[in-house]
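The values are calculated or read from the model by the stated rules, or taken from the named source; none is laboratory data. Here the structure is a predicted model, which is why all the values come from computation and not from measurement. Cβ coordinates were reconstructed from backbone atoms using ideal geometry, including for glycine residues, and neighbour counts include every protein chain displayed.
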Amino acid sequence: MNLDEISKRLIELLQEDGRASYAALAKVVGLSEAAVRQRVQRLIDSGVMQIVAVTDPTRVGFMRQAMIGLKVAGNLTAVAQRCAALPEVDYVVIVAGRYDLLLEVVCENDEHLLELMSDRIRTLEGVVSAEVNVYLRLEKQTYSWGTR
């Protein structure tokens, strides 16, 4: 999707405040509220953006987060898709470097993480090895990188 300057500005505004009203957005970008509503819906429908509530996992009952590096034999995409299907996995990326895949997981506690690793991730076909990096404290998390 080719983004014009108005669509880019709408994305940037919504990255700052995903709850901004169409009326407020319309005033900033100089369009009608209806036009802004249509543009935002097109951006969502096309997969360019999504509007979600981002929570602090520790405040909603998930006390253990981790980044998992996987080494994989065989088809990376197939293993990535199997990992992505696990409900605890919120982020999957195919990478170049020490690992083939990086996964971010959110678990209720250490026992939950152990079960996930032992019974469901390490047993996936194609997973050769896994390294778990447990989060001790989240220092920064942002989604406002703008547009280009």
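Could you list, in sequence order, all residues of the stretch 1-51 that are in a loop (DSSP other than H, G, I, E, B) and among the hydroxyl-bearing types (Ser, Thr, Tyr)? Answer for the stretch 1-51, where residues must be in a loop (DSSP other than H, G, I, E, B) and among the hydroxyl-bearing types (Ser, Thr, Tyr): SER21, SER32, SER46. The single condition among (1) within 30 Å of LEU103 (Cβ to Cβ); (2) charged (D, E, K, R); (3) touching a residue at least 12 places away in the same chain (Cβ under 8 Å) that ARG59 does not meet is (3).
Yes or no, residue by residue, for (1) modelled with pLDDT of 95 or more; (2) basic (Lys, Arg); (3) surrounded by 13 or more Cβ atoms within 10 Å (Cβ to Cβ):
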position	(1), (2), (3)
SER7	yes, no, yes
GLU16	no, no, no
VAL48	yes, no, yes
VAL54	no, no, no
VAL72	yes, no, yes
ALA84	yes, no, yes
PRO87	yes, no, no
VAL93	yes, no, no
TYR99	yes, no, yes
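When GLN65, GLN81, GLN41 are screened for being assigned by TED's automatic domain parsing to the domain that holds ALA23 and not basic (Lys, Arg), only GLN41 passes.
For the stretch 73-88, the criterion of being part of a strand (DSSP E or B) and within 30 Å of ARG137 (Cβ to Cβ) is met by none of the residues.
Residues in the stretch 1-23 that are β-branched (Val, Ile, Thr) and within 19 Å of VAL54 (Cβ to Cβ): ILE11 only.
Within the stretch 26-45, the set of residues being under 20 Å from ARG148 (Cβ atoms) and among the aliphatic types (A, V, I, L, M) comprises VAL28, VAL29, VAL40, LEU43, ILE44.
Selection of first residues in the stretch 108-126 that are surrounded by 14 or more Cβ atoms within 10 Å (Cβ to Cβ) and of second residues that are in a helix (DSSP H, G or I), restricted to Cβ pairs under 6 Å at least 6 apart or on distinct chains, gives the following pairs, ordered by first then second residue: LEU124/ARG82; GLY126/VAL79. For first residues located in the stretch 13-25 and over 13 Å from SER144 (Cβ atoms) and without any contact (Cβ under 8 Å) to a residue 24 or more places away in the chain, partners that are assigned to a helix (DSSP H, G or I) and β-branched (Val, Ile, Thr) and lie 6+ apart or on another chain with Cβ distances below 7 Å form the pairs TYR22/VAL36; LEU25/VAL36. Of all residues in the stretch 108-148, those satisfying the criterion of being aromatic (Phe, Trp, Tyr) and under 30 Å from ASN2 (Cα atoms) are TYR143, TRP145.
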